[in-house]
1. Per residue, how much accessible area does the chain have with a 1.4 Å probe, in Å²?
2. HN-Hα J couplings of the range 76-84 from phi, Karplus 6.51/-1.76/1.60, θ = phi - 60°, integer Hz, Gly and Pro as x?
3. Heavy-atom accessible area of residue 70 with all protein chains present, probe 1.4 Å, nearest 10 Å²?
4. Probe radius 1.4 Å, ligands and nucleic acids left out: which of 28, 99 has the largest accessible area, and how do the rest follow?
5. How many nm separate the modelled label positions at residue 39 and residue 66, each set 7 Å beyond the Cα in the direction of the Cβ?
6. Would you tell me the accessible area of residue 102, worked out with a 1.4 angstrom probe on the heavy atoms of the protein chains, in Å² to the nearest 10?
7. I need the phi-derived Karplus couplings for the range 19-27: 6.51 cos²θ - 1.76 cosθ + 1.60, θ = phi - 60°, integer Hz, Gly and Pro marked x.
8. Taking a ≥ b ≥ c as the square roots of the eigenvalues of the Cα gyration tensor of the range 56-121, is the shape rounded (a/c under 1.5), prolate (a/b larger than b/c) or oblate?
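The values are calculated or read from the model by the stated rules, or taken from the named source; none is laboratory data. All figures in this text were calculated on a predicted structure; none of them were measured in a lab. Heads up, the Cβs are rebuilt from the backbone with ideal geometry, glycines too, and the neighbour counts pull from every protein chain shown. Heavy atoms of the whole protein, side chains included, go into the accessibility calculation; ligands, DNA and RNA do not. Shrake-Rupley method; radii C 1.70, N 1.55, O 1.52, S 1.80 Å.
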Amino acid sequence: QVQLVESGGGLVQAGGSLRLSCATSGSIFRINTMGWYRQAPGKQRELVAAVSSGGSTNYADSVKGRFTVSRDNAKRALYLQMNSLKPEDTAIYYCNADIVQWYGNAARQYWGQGTQVTVSS
């Protein structure tokens, strides 16, 4: 069974930084795109940043220039460096990965349980 586990969330003052990590475990043949999503209270879950297996990245306009997504393919891990944090970045952050478990199988989406990020003003 594949598992994604996030870590690194917490409480930080506006202007501060946090680094989120997402570790994967289980039987994995290949990981395609990995990404970070977030969901604030009363709002829909939204894409924050994603990185393909080849290293191409894309970001939500609201975080461009402040957040950096990266991955370590050898470790099968995903990271999100968040700088210049704002109160509006407060949300639960979720790791997402498009994973092929076994050779010949179709890819499917997996989600972590989420990690809370709170930015105080």
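1. With all protein chains present, the chain gives 53 Å² per residue.
2. 6, 10, 10, 9, 9, 8, 10, 10, 6
3. Solvent-accessible area, nearest 10 Å²: 50 Å².
4. 28, 99
5. 2.2 nm
6. The accessible area comes out at roughly 140 Å².
7. 10, 8, 10, 9, 9, 10, 8, x, 7
8. prolate
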